[in-house]
Amino acid sequence: MIEIGAQVDLSHPPDRVWLALTDRQLIGRWFADAETVEGVPDRLLLHTAGLPGFEANVEVEVTERREPELIVLACDEAGRLSELTCAVTATKQGSRLEMREVTTHGAWSAEQHEPREQQLRQALTVRLPAILDWLAFQQVDLRRGDGGMTAELPLVGASGGPARARSRRLQVAAALVGVVAVGGVAAWVALPAGSEQRAAPPSAASPSPSPSATPVEVAATPRPTTSARPSRTAASPPARPSRNPSAKPSPTLTSAPPPPPPLTASYDTDSSRLFGYTGEVVLGNPAATAVEGWVVVVSLADGSTVDDADGADWRQNGRSVTFTGAAVPAGGSRTFRFDVRDNRPKAREPETCTVDGNPCAGL
C-alpha cells in the first residue's frame, strides 16, 4: 500500500470548500477538467493525462459522503486502483482540508510518486485557495450567488441555490489590565561654593570720639584692627559643609535600574493567494520579566481589510489595524496571524508595522 497525502488551512467555511470539491466546473479550475461518464450518472472522468505524476485519465466514483465533512472516491487510472479521501474540518480561521490517496491495486512507480504528490500539494495550496477567494467574491462580496455553479458530482447532488454568505466573524472582547512603566532617574547634588566673609566695618570698633568723622575715615583708610578680622564663629558654618546630611547624594536615586529593553517584532507573509494573504507577526521579549500591554499597529494597503485574526485581539480603523493580546513571556516570544482580503487580484503586503511605536522587521 502506497500513500500520498497533503493538508492545507483555508480561510473559508466548510460549505464553500465542499462546493469546490464537488462542483464539476470548479474542479476543472483548480485540479483537472472533469466530465460525466455517459450512461453512468454516479461517475466522473478527470482529464489528468499529461499532468505530472499521472499516466492516464482517472475515472472516479463517490463511495461515501457526509456533507460538508467527508467525501471518499474510488479511482481507476488505467487499471491502477486507489482510494482518495477528502476530509474537511472547521477551524477558527475557516476550515482545514486533508487529502489522502492510498493504492488498493497496483502501485505508482518511483518516478511517478513524487511528481504526483507535488501536483496534489500545488493544487491544494495555490490554485484551490485562489478559486475559493474568487467564489467568495461571487457569493458574498459581489452578491452574485444567483448565477453560481450548480453542476456537481451526480452522487453528491446539486447545491440548489446560492451558497450561504460567509457568517464567520471572530468577535473577541478582551480587557487590558495593567501597564508597566519603568523609568531611570538620576540626581545630582552640588555643594554651594564657599564664600569669603567681608571684614566688619571699622567703624564698629573705632575709638574715634567724633561720630560724624568716623564714616569718612573708614571709607578712605580702613584700619586693620582686631575687629576687622573674620570672626571664627561666623566662618564656622560654611567651613564645614560636608557635615550637613542633606548635602549628601541619595544612594537610592543614583542606583535606580535602567529600563528594560523594548519588545521586538518581525512581520512575514505566511501565505499568498488571489485577493488576499495571511500575515504573521512574531513578538520577542529580551527582558527578564514578562511584558503586558503591548500594542502592534499594522497599516494596510488601500482597499485591504482584516478578515480574522488568531492569537490576538484586533480592531480596524480605516487602513490602520491595532492588535493586542496576552503577555509576552520573559525571554520568550508570542506569534499571531491575521487574514487580509484585498480588492486586487495580486494582494499587496502591509505598508508599515510597529510594536509600541517601534518598527517591525521584515517590512
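The values are calculated or read from the model by the stated rules, or taken from the named source; none is laboratory data. These numbers come from a predicted model, not from an experiment. Cβ atoms come from the backbone with ideal geometry, glycine included; neighbour counts cover every protein chain shown. Areas reflect the complete protein model, heavy atoms only, side chains present, ligands, DNA and RNA absent. Shrake-Rupley method; radii C 1.70, N 1.55, O 1.52, S 1.80 Å.
A few notes on this one:
- Cβ-derived FRET efficiency at R0 45 Å, residue 268 paired with residue 42, nearest 0.05: 0.50
- In Å², nearest 10: area of residue 320 left accessible to a 1.4 Å probe: 40
- Sites residue 330 and residue 361 - FRET efficiency at Förster radius 25 Å, r taken between beta-carbons, to 0.05: 0.75
- Computed with a 1.4 Å probe over protein heavy atoms only, the accessible surface of region 1-95 comes to 46 Å² per residue.
- Each label was represented as a point 7 Å from its Cα along the Cα-to-Cβ direction; for residue 56 and residue 351 these points are 5.8 nm apart.
- Amide H contacts of residue 63 (H built 1.01 Å from N, under 5 Å, at least 5 apart or other chain): 72, 73, 74
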